[in-house]
Structures are given as structure tokens and as C-alpha cells.
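What follows is a short report on a single structure.
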Amino acid sequence: MKKLITLALFITFCSSSVFGQSKSDLLLQIDSLKKANVLLKKNLDSVSQYTIVYKEIRKKVVRYNFKPADFPKILDSILTRRDSTVLGTKLLHDSLSRVNTQNLAQKDEIAKLKYFVEEFGGNEVQPSNAKDLMGVWGLNLSGYKVIGDTARNGLVVDKLTNTDKLVQINLIDTDFAEVQFTSGKTIKCFYKINSFSTNGAYYIDFSKGDDLNIRLYIIQTETGMKVSYKGKGNTLLYGVMKRI
């Protein structure tokens, strides 16, 4: 009987020890599972974010289903295309800038040519014979003076402070003309055309006693009719003549 009681007590002790140890292990496992669950949730959130990024890239950039493992190659391709586009845009911008600069230069050149055409006669129809000179002509003249010694002469612009220059001539008929000066003075006179030429210099003499004695030299050029005559004070007057 005593032995049975002792055996029962031993079994009870062992069972209690085994049960206690299993409960502790179970608690440890539960704690480990909780930690693992938290980690899995974090990983799941990360995966969800990557999934959103993947869907957006697939939808808006790549536009086809691709394997995530292939994304580095796809990214390199996208960057290459972007660099090419940026380079192409820069080249296009540079080309447009050059074209714009050239256009501005051409506009400036056209404006200058227009000015010279309007100011100096341009491609205006020019006289083909002496009779074609009859009519009214306007003159735009500047003054020049000879300067220097005999061996080294030159021309300088004269301010024309004391020069009353021609501004208009009217060849009325084959003998009579009317000339007008910057002062407003008008003189009716005789005139004579000498050695008329369409490809060389010729001249017109205007005269009226002591009041007027001018020899106007003329040459017809591609840019209009150029004229000159000698004014007072050894001043050479040179410019253009255009029909009015």
C-alpha cells in the first residue's frame, strides 16, 4: 500500500512537470508566431506598395505585362529613350534658334535693300534715250571735299553749311528747264544733254547768264541713276536722281 501511494505521488509530480514545460513552450511559440505575424504584415504592406507601383508603371509607362525581374532592362531602355528625346529636343531648339537668327538677319537685309531701293531708285525704269529724260526728277545729294596734297588726295564729307544744293530739276521740253534748290529758289533756264549713254557717263548743262552755270554728270547703274556736280567752294555734290 505504501509503495502504491509513493508511485502515485511520483506519477503526479512527473505529469505536473511535463504539463508545466509544455505550457511554457506553447507560450514561446505563440509569442514567436505573433512576431512573425507582425513581420509578415509589414512585408505584405511593402509588397502591396510595390504592386501599386508595378501596376502604375505597367499602365502608364511600359503598357504591357512584364516580369518584375525584367524591370532593370526596361528601365535602362526608358532612360535611353529619354536621353535621346532630351538630346533631340536640344538639337531641335538649337536648330530653331539658328533659323530664327537667320530669319532676323534676312529681315534686316531685306529692310536695308528696301531702303536703298526706295531711297536710291532701285530697279526703276531708266531712260533709254535723251527724250526719256524729260519730266520732273528729284535729287538726293551729299557734299564732299577733296583733301590732301597732289599725291595723296582724298574725299571727306562736307557739312554744306554754305551750299545751296539742287533738289529738283524739271526738263520741260527739249530746250527749257526749271531747277530748284534747297533754299526754295527756282530758276528757269536753258539746258542741253551731251553724249547720252545707257552704259556710260553723260552730262546736262544748265545755264542762265550769271545766275546759273551747272554741269550735272549722270551715270545709270543697276541701283539707280547716280549724279554729281561741282558746287561752290570747291565742293563736290554727289548722290542719286529719281523720277518724281
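The values are calculated or read from the model by the stated rules, or taken from the named source; none is laboratory data. On a predicted model such as this, the values are computed, not experimentally measured, just so you know. Counting neighbours? That spans all protein chains shown, and the Cβs are built from the backbone with ideal geometry, glycine included.
Observations
- So residue 143, is it in contact with a strand residue (DSSP E or B) (Cβ under 8 Å, 6 or more places away or on another chain) and at pLDDT 75 or above: yes
- Boolean, residue 235 is polar (S, T, N, Q), closer than 18 Å to residue 136 by Cα and in contact with an Asp or Glu (Cβ under 8 Å, 6 or more places away or on another chain): no
- Counted as qualifying within segment 134-244 are the strands (runs of 3 or more DSSP E) with 3 or more residues that are surrounded by 19 or more Cβ atoms within 10 Å (Cβ to Cβ) and free of Cβ contacts under 8 Å to residues at least 60 places away in the same chain, namely 212-221.
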